[in-house]
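Engineer: Below is a structure I'd like to ask you about.
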Amino acid sequence: MSPVIETIRTEGLGDSTYVMVLEGLAIVIDPQRDIDRFEQVLDDVGASLRLVLETHLHNDYLSGGRVLARKLDAELVMPASAAPVFRHRPAFHMEDMIVGDMTIRPLHTPGHTPEHTSYLILVDGRETALFSGGSLLVGSAGRSDLLGEERAETLARLQYGSVNRLASLPEPVALYPTHGAGSFCTTTGVTDYASTIGREKATNPVLAYEDEEAFIKGQLSNLVRYPTYYRHMGPANVIGVPEANLDVAMVDRVVTGTTVIDARPREAYARGHLPGSISLELQESFGTWVGWLTPHNTPLTLVLDEDQDTDQAMRQLVRIGYDDVRGVMRPNQRDFTASFRTVDTTEFAAAVARGVQVLDVRAAQEWETGTIEGSILSYLPDVARETPLELDPSQPVWVICASGFRAAAAAGFLQDRGLDPVALVTAGATEVLALTSNSR
């Protein structure tokens, strides 16, 4: 009998959790904190959970592994050198674990983190699947700088050995990494979630470097910035976190002492919002941006439209340790006294031709694809922290990003500081550049 592997995607994090089942026995690999999703999969397939496998101390989310294992009377397995403070089964390199007809073989693969361990699954003695966590990814490898620049080179050297050792496995072995498209834990663009060892040997650029030094240079060059909340995840995963609470009270006004996150559509925010609130529309990246633009686990009040899913917002927040959400407020137009002007692509392009002041809040790698001549470049997290010195506060600030999501947030910050933002919230720089030749 062949095993069944269910993939549960967490798109906002760019991560995958896996449930592998063979003859009614299951293992779960790298679960996030909202574990009811994985319990449902196990119920649907009628499987008994035996092991929860963690590949590493995650930097991008809080793990639900400890709670899931305890609730379902399974055993939690963690890399031997992770050394968390709670009870677990340490995974030692090449020390097999048996679940029915499955053999789980831990492979120490440091590089993304020092303790990182991949799990090779053998069925009836045949090497079948590899759960590679943040080691060898589809078209990439897990980045090595998340624990600080001072350790990045050492970890990159370890990563070189790890990914090449994994590439020596039989080519038919299926590859299931935790990190995939959309994850800040990858070093290059990832466009898929699963592969095979043979496919990666033929196509993955991290396996094509001529030597270790070239690999290190490539791995540590042109890395995108990652959210500031990451620094809190690893330490929390060492200590362990309680089960996620997704319940939140409905309130009719902002709870005193909280930061207000307005998760309504950005067009609605622009038309009217609470002064001082932050526009972060509820979409897949909502939690990531809350974690990047606010102090970690700061008390929050959320503003949501009637038709928006409170559960979705709460799931994204508890995954990154935001447990202090004190209430959800539905729109109350009497209190929404702040607003700013928005324009469409044609209007923005016409304004560019007139020579208006433009602020581009995309990331540095996005600027490389083209920017508006004379525009001021400042990434949204930097704008959230302080107003760019190049801005003339006596003139309107025309704000742009790639889609409008970040432009709306930046416009809110600028407005709170007394500037006059005009934002493109329905499109981005690519569309504007297509209408004008004023690019650099």
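The values are calculated or read from the model by the stated rules, or taken from the named source; none is laboratory data. What you see is a predicted model; the values in this text were computed from it and never measured. Note: ideal-geometry Cβ built from the backbone for every residue, glycine included; neighbour counts use all protein chains shown.
Engineer: Looking at Thr191, Thr228 in this structure, which one is surrounded by fewer than 17 Cβ atoms within 10 Å (Cβ to Cβ), out of contact with any Lys or Arg (no Cβ under 6 Å at 6 or more places or on another chain), at pLDDT 95 or above and farther than 21 Å from Ile104 by Cβ?
Structural biologist: Answer to the check: Thr228.
Engineer: Looking only at the range 328-344, count every residue that is surrounded by fewer than 19 Cβ atoms within 10 Å (Cβ to Cβ), outside any loop (DSSP other than H, G, I, E, B) and not aliphatic (A, V, I, L, M) and tell me the total.
Structural biologist: Within the range 328-344, residues that are surrounded by fewer than 19 Cβ atoms within 10 Å (Cβ to Cβ), outside any loop (DSSP other than H, G, I, E, B) and not aliphatic (A, V, I, L, M) number 4.
Engineer: Is it true that Arg253 is over 30 Å from Glu39 (Cβ atoms), touching a strand residue (DSSP E or B) at 6+ places or on another chain (Cβ under 9 Å), basic (Lys, Arg) and surrounded by fewer than 14 Cβ atoms within 10 Å (Cβ to Cβ)?
Structural biologist: yes
Engineer: Here's another thing I want to ask about it. With respect to Pro177, determine if the residue is of a type outside the set (Ser, Thr, Tyr) and more than 24 Å from Pro3 (Cβ to Cβ).
Structural biologist: No; evaluated as a whole, the condition is false for this residue.
Engineer: While we're on this one: Evaluate the following for Arg319: is it basic (Lys, Arg), under 18 Å from the mean Cα position of the chain (by Cα) and either farther than 21 Å from Phe405 by Cβ or surrounded by fewer than 22 Cβ atoms within 10 Å (Cβ to Cβ) (or both)?
Structural biologist: Considered against the rule, which asks whether it is basic (Lys, Arg), under 18 Å from the mean Cα position of the chain (by Cα) and either farther than 21 Å from Phe405 by Cβ or surrounded by fewer than 22 Cβ atoms within 10 Å (Cβ to Cβ) (or both), Arg319 comes out as no.
Engineer: Pick out the one residue from Glu390, Glu431 that is of a type in the set (D, E, K, R), assigned to a helix (DSSP H, G or I) and either outside the structural domain of Leu62 (by TED's automatic domain parsing) or modelled with pLDDT of 95 or more (or both).
Structural biologist: That would be Glu431, the only listed residue that is of a type in the set (D, E, K, R), assigned to a helix (DSSP H, G or I) and either outside the structural domain of Leu62 (by TED's automatic domain parsing) or modelled with pLDDT of 95 or more (or both).
Engineer: Out of Thr258, Thr294, Thr298, which single residue is of a type in the set (Ser, Thr, Tyr), in contact with a Pro (Cβ under 6 Å, 6 or more places away or on another chain), at pLDDT 95 or above and surrounded by fewer than 24 Cβ atoms within 10 Å (Cβ to Cβ)? Can you show your working first?
Structural biologist: Details: Thr294 fails: in contact with a Pro (Cβ under 6 Å, 6 or more places away or on another chain); Thr298 fails: in contact with a Pro (Cβ under 6 Å, 6 or more places away or on another chain).
On inspection, the qualifying residue turns out to be Thr258.
Engineer: How about the range 122-155: which of its residues are more than 28 Å from Asp96 (Cβ to Cβ) and more than 21 Å from the chain's Cα centre (by Cα)?
Structural biologist: Passing the criteria: Glu150, Arg151, Glu153, Thr154.
Engineer: Any residue that is over 21 Å from Gly287 (Cα atoms) and either without any contact (Cβ under 8 Å) to a residue 24 or more places away in the chain or among the hydrophobic types (A, V, I, L, M, F, W, C) (or both) - is there at least one of those in the range 32-41?
Structural biologist: Yes, that holds for at least one residue.
Engineer: Quick one: which strands (runs of 3 or more DSSP E) lie wholly within the range 1-114 and hold at least 1 residues that are small (Gly, Ala, Ser)?
Structural biologist: 15-22, 25-29, 48-53, 89-91
To keep it simple, each residue is scored yes or no on (1) within 28 Å of Asp192 (Cβ to Cβ); (2) in contact with a strand residue (DSSP E or B) (Cβ under 6 Å, 6 or more places away or on another chain); (3) not assigned by TED's automatic domain parsing to the domain that holds Gly287.
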position: Thr10; (1), (2), (3): yes, yes, yes
position: Val67; (1), (2), (3): no, no, yes
position: Ala74; (1), (2), (3): no, yes, yes
position: Met94; (1), (2), (3): no, no, yes
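Engineer: Are there any pairs with C-beta distances below 7 angstrom linking a residue in the range 370-391 that is among the charged types (D, E, K, R) to a residue that is not in a loop (DSSP other than H, G, I, E, B), with the two at least 6 apart or on different chains, and if so which?
Structural biologist: Glu373/Ser439; Glu390/Ile376
Engineer: Say whether the condition of being part of a loop (DSSP other than H, G, I, E, B) and farther than 21 Å from Thr178 by Cα is met by at least one residue in the range 217-228.
Structural biologist: Yes.
Engineer: So, in the range 299-316, how many residues would count as being more than 18 Å from Leu13 (Cα to Cα), among the polar types (S, T, N, Q) and free of Cβ contacts under 8 Å to residues at least 40 places away in the same chain?
Structural biologist: Counting residues in the range 299-316 that are more than 18 Å from Leu13 (Cα to Cα), among the polar types (S, T, N, Q) and free of Cβ contacts under 8 Å to residues at least 40 places away in the same chain gives 0.
Engineer: Let me ask something else. Here is a check on your reading of the model: is Glu212 modelled with pLDDT of 95 or more and out of contact with any Cys (no Cβ under 9 Å at 6 or more places or on another chain)?
Structural biologist: yes
Engineer: Also, I was wondering about something else. Do you know which residues across the range 229-275 are among the aliphatic types (A, V, I, L, M) and farther than 12 Å from Val303 by Cβ?
Structural biologist: Looking only at the range 229-275, we keep the residues that are among the aliphatic types (A, V, I, L, M), and these are 233, 236, 238-239, 241, 244, 246, 248-251, 254-255, 260-261, 263, 268, 270, 274.
If the condition is that a residue be among the aliphatic types (A, V, I, L, M) and farther than 12 Å from Val303 by Cβ, then Met233, Ala236, Val238, Ile239, Val241, Ala244, Leu246, Val248, Ala249, Ala270 are the ones that fit.
Engineer: Can you tell me which of (1) over 15 Å from Ala423 (Cβ atoms); (2) touching a His at 6+ places or on another chain (Cβ under 8 Å) is the one Ser279 doesn't meet?
Structural biologist: For Ser279, the exception is condition (1).
Engineer: Hey, another quick one. I'd like the full set of residues that are closer than 30 Å to Ala407 by Cβ and not hydroxyl-bearing (Ser, Thr, Tyr), limited to the range 217-245.
Structural biologist: Selection gives Asn222, Leu223, Val224, Arg225, Pro227, Arg231, His232, Met233.
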